[in-house]
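The values are calculated or read from the model by the stated rules, or taken from the named source; none is laboratory data. As the structure is a computational prediction, the values presented were derived from the model and not from experiment. Every residue, glycine among them, receives a Cβ derived from its backbone with ideal geometry; neighbour counts consider all protein chains shown. Just the protein is used for accessible areas: all its heavy atoms, side chains included, with ligands, DNA and RNA removed. Shrake-Rupley method; radii C 1.70, N 1.55, O 1.52, S 1.80 Å.
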Amino acid sequence: MAIPQGFSYLSSYLDEERQRKLLGAVRAVVAHSPLYTPAMPRSGKPLSVRMTNCGSLGWLTDRDGGYRYQPTHPDTGHAWAPIPEDLMRLWREVAGYAAPPEACLINYYSGTSRLGSHKDADETDLSAPVLSVSLGDDAQFHVGGVGRTDPKERLILRSGDVIVLGGAARLAYHGIDRIYPGTSDLLAEGGRFNLTLRRVNLPD
Ligand code: MD3
Ligand code: FE
C-alpha cells in the first residue's frame, strides 16, 4: 500500500540534546496548563490519551462542546502558554509554510493508551501541514488514505522522530495502535509525548 503523497518521515531528526531541551519546554507548558482527560462528543467516553496545548489556540474535545479550538484551558480557564521557541524554530526548519503555527497539541500516552483512527479536519487552513514530534517510548502508528477503509501502512515512531503531513497526507486517516513501554529513557515516568504543530486559521 502507498503512503499518501505529502507524508514526510524524518527519522531521528532530533538528537538527544534537542529532545531533552524540548522535553524541558513541554514540562514547563504542562506546569502552566495541566494534562486533562478529553472526552468524546455526546457520549462523554474518555480518551485514554491525556492532552494539553500551547499556542494562541488549543484543540480539545469534551462531551458538551465536541471537537474545537479555543484560546483557553477547559479546566483552568487560563490562556494557553506560548509555543516554545524551539518548536517555532523546528516549524521554520521543516514545515515549508510561511505563516507560523497557532496551536500545539500535546498528547501524553501511558503504556496502555491508544488513539483510534481519525482525521484532523477541524482547521480552516487545510493547506498548511501538520508537524508531529515524538518524545519517549516507541509507538506503533498507522496511516491510511482519505477514506476510512483505505489500506493502512504501519510504522514505529521513536523518540526524536519528526513527521510532516502535507498535501494528500494532511487529510489521511491515522492513529496510534499501541505504545511499547520501557523502550526509551527520556521520560522518567515512562510513556510518550506527541506534539503536533498546527496552523488553524488562514494567514491574512
Ligand atoms: C497524519 N497524533 O494529535 S502524530 C493527533 O502520535 C494525532 O499522538 C498522533 O494523530 C500521535 O491528531 C499521531 C502523526 C500525525 C499527526 C497528524 C496527522 C499524523 C497525521 C494529520 C494528518 C495525517
Ligand atoms: Fe491526528
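Worth pointing out:
- Residue count for the range 1-39, restricted to those that are within 22 Å of G55 (Cβ to Cβ) and free of Cβ contacts under 8 Å to residues at least 60 places away in the same chain: 11
- Among all residues of the range 103-112, there is none that is in a loop (DSSP other than H, G, I, E, B), within 16 Å of ligand 2 (Cβ to nearest atom) and either farther than 30 Å from G190 by Cα or open to solvent by less than 60 Å² (accessible area, probe 1.4 Å) (or both).
- Taking the range 16-39 as the range and being over 12 Å from V133 (Cα atoms) and out of contact with any Ser or Thr (no Cβ under 8 Å at 6 or more places or on another chain) as the test, the residues that pass are E16, E17, R20, K21, G24, A25, R27, A28, A31, H32, T37.
- When D204 is tested against (1) modelled with pLDDT of 95 or more; (2) in a loop (DSSP other than H, G, I, E, B), exactly one condition is not met: (1).
- Residue in the range 127-144 that is in a loop (DSSP other than H, G, I, E, B), open to solvent by 10 Å² or more (accessible area, probe 1.4 Å) and farther than 16 Å from L197 by Cβ present: no
- Across the range 40-59, the qualifying residues are those that are assigned to a strand (DSSP E or B) and in contact (Cβ under 8 Å) with a residue 24 or more places away in the chain, and the one among them that is farthest from D86 (Cα to Cα) is R50.
- Restricting the range 1-27 to residues that are open to solvent by 90 Å² or more (accessible area, probe 1.4 Å) and touching a helix residue (DSSP H, G or I) at 6+ places or on another chain (Cβ under 9 Å), the residue that is modelled with the highest pLDDT: K21
- Residue list for the range 167-196, filter: in a strand (DSSP E or B) and of a type in the set (S, T, Y): Y180, T196
- Scanning the range 147-166 for residues that are more than 10 Å from ligand 1 (Cβ to nearest atom), open to solvent by 10 Å² or more (accessible area, probe 1.4 Å) and either of a type outside the set (D, E) or part of a strand (DSSP E or B) (or both) yields a total of 11.
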